[in-house]
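Reviewing the structure listed below.
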Amino acid sequence: MTSDEARALYERLKSEAEGAGYFLNPDVDFVLDLMAGLLTNEERYGYQACPCRLAEGVREKDLDIICPCDYRDPDLDEYGACYCALYVSEEIALGQKEVEPVPERRGTEPEPVGEEQEEPLVGFTRSGMPVWRCKVCGYLCARPQPPLKCPICKVDRDRFERFAWP
Amino acid sequence: MARSFPVGRVDLSKEVVKLRKVKLYALSTCGWCRKTKRFLDANNVDYEYEYVDLLTGNDKVRALAEVEQYNPRKSFPTVVVQNGDTHVVIGYKESRLREVLGL
């Protein structure tokens with residue numbers, strides 16, 4: 001992995017982030033170090049596991065911490081930065097606020113369990129099309145299968161869940 | 001025969017620093033771990049560190065058990081300062097590090 005690769009990943013993530021209403025940390029050197037960490041993890045595990053967390057090395061176990069992780073958006077809302085401070089709020093991106101340490105959210109909130117249902121309530125459109133939810137950004141779509149990549153946050157298909165209510 | 005001893009006051013705070021044990025548990029890929037390490041280096045703190053993601057087998061199990069003892073969430077960086085008391089600093093918190101390291 002070279003610094004050119006880290007730079008290329010940075011450029012790609014920055015343009016994707018900005019296109020989708022997200023912001024990268026304005027400290028470019030710090031971000032390039034994180035890019036190097038993501039690329040190291042990609043070489044090591046086959047996917048870009050969060051550089052600031054210890055991955056198991058088994059994709060199914062690490063799905064929630066593949067960057068961008070399932071915790072990015074709640075951490076952005078609460079702390080103005082994701083756990084790594086790769087993604088930050090607009091205020092922080094504009095230098096109006098400093099990044100503060102973000103406590104680990106993973107494992108603190110048990111998966112929400114609804115009331116036991118005989119038949120799980122899963123989302124369908126009236127025409128019977130299943131509804132899928134991106135666990136990273138919340139994007140919803142109704143189609144036979146989730147998209148290969150989330151059009152909003154670009155994560156892979158396996159980060160989608162069936163959308164259920166109530 | 002009388003032995004000679006160094007004359008002069010002993011700076012106790014420096015003696016305590018010599019006895020102190022500082023250990024950083026880190027990930028080699030993590031930006032906050034890197035910042036913590038740079039902070040310790042910049043302040044000439046005598047410390048040991050381990051990159052837990054680079055360990056394998058029993059070394060990894062042992063290191064993770066150590067981290068868990070101080071930080072059940074097993075997050076990184078975890079800094080453990082032992083100077084009679086045990087202080088644990090989880091995450092890169094400069095002011096807290098200054099406090100527990102007497103900087």
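Normalising the average separation of contacting C-alpha pairs (under 8 angstrom, six or more residues apart) by the number of residues puts the relative contact order of chain A at 17 percent. Normalising the average separation of contacting C-alpha pairs (under 8 angstrom, six or more residues apart) by the number of residues puts the relative contact order of region A:3-93 at 27 percent.
Give me the dipole magnitude in Debye, nearest 20, for region A:1-141 about the Cα centre, with unit charges on the beta carbon: positive for Lys and Arg, negative for Asp and Glu.
Details: 14 positive and 30 negative charges, 78 e Å.
It works out to roughly 380 debye.
Using protein heavy atoms only (no ligands, DNA or RNA), what is the total accessible area buried between B and A, 1.4 Å probe, nearest 100 Å²? Rounded to the nearest hundred, the buried surface is 1400 Å².
Around residue A:45, with a cut-off of 11 angstrom between Cβ atoms, what is the net charge of the other residues, counting Lys and Arg +1 and Asp and Glu -1? Local charge sum for residue A:45: -2. The figure for residue B:56 is an accessible area of roughly 100 square angstrom, using a 1.4 Å probe on the protein chains alone.
Which value at 222 nm does chain A reach when only helices count, each DSSP H run of 4 or more adding -39,500 (n - 2.57), with the total divided by all residues and rounded to the nearest 500 deg cm²/dmol?
On the way: 5 runs with 51 residues, N = 166.
It lands at -9000 deg cm²/dmol.
Oblate is the label for region A:3-93. Its Cα gyration tensor axes, ordered a ≥ b ≥ c, give a/c of at least 1.5 and b/c at or above a/b. Once the C-beta distance of residue A:20 and residue A:162 is scaled by a Förster radius of 22 Å, the resulting FRET efficiency is 0.45 to the nearest 0.05. Any idea which of B:80, A:108, A:128 is furthest toward the positive side of the dipole for the protein assembly as shown, if Lys and Arg beta-carbons carry +1 and Asp and Glu beta-carbons -1? Working it through, the farthest residue towards the positive pole turns out to be B:80.
Ordered by solvent-accessible area of protein heavy atoms (1.4 Å probe), largest first, the residues A:35, A:129 come out as A:129, A:35. Residues of region B:63-77 buried by at least 20 Å² of accessible area upon assembly of all protein chains, compared with the chain on its own (1.4 Å probe): B:73, B:75, B:76. Where does the charge balance sit around residue A:3 when Lys and Arg score +1, Asp and Glu -1, over other residues with C-beta under 14 Å from its C-beta? Result for the neighbourhood of residue A:3: -4. Of the residues A:151, A:85, A:2, the one whose Cα sits farthest toward the positive end of the charge dipole of the protein assembly as shown, with +1 on the Cβ of Lys and Arg and -1 on the Cβ of Asp and Glu, is A:2. With a threshold of 19 Å on the Cα-Cα distance, the over-threshold entries among B:23/B:74; B:18/B:93; B:21/B:60; A:97/B:93; A:61/A:135 are B:18/B:93; B:21/B:60. Projecting the Cα atoms of B:58, B:27, B:42 onto the dipole axis of chain B, where Lys and Arg carry +1 and Asp and Glu carry -1 at the beta carbon, places B:42 farthest toward the positive end.
The residues of region A:3-93 present an accessible area of 42 Å² per residue when probed at 1.4 Å with all protein chains retained. Placing a label point 7 Å from the Cα of residue B:68 along the Cα-to-Cβ direction, the residues of region A:57-83 whose backbone N falls under 17 Å of that point are A:57. Placing +1 on the Cβ of every Lys and Arg and -1 on the Cβ of every Asp and Glu, with nothing else charged, gives the protein assembly as shown a dipole about its Cα centre of roughly 720 debye. Where only DSSP H runs of four or more residues are counted, chain B gives -12000 deg cm²/dmol as its mean residue ellipticity at 222 nm, each run worth -39500 (n - 2.57).
Ordered from highest to lowest accessible area with the whole protein assembly present and a 1.4 Å probe, A:11, A:43 read as A:43, A:11. To the nearest ten degrees, helix A:28-45 and the longest principal axis of the Cα atoms of chain A are 60 degrees apart.
What a 1.4 Å probe finds exposed on the protein assembly as shown is 50% carbon and sulfur by accessible area, rounded to a whole percent.
Surface calculation, 1.4 Å probe, protein heavy atoms: residue A:23 sits at approximately 60 Å² accessible.
The values are calculated or read from the model by the stated rules, or taken from the named source; none is laboratory data. What you see is a predicted model; the values in this text were computed from it and never measured. Note that we place each Cβ from the backbone using ideal geometry, even for glycine, and neighbour counts take in every protein chain shown. Remember, those area values only see protein heavy atoms, side chains included, never the ligands or the DNA or RNA. Shrake-Rupley method; radii C 1.70, N 1.55, O 1.52, S 1.80 Å.
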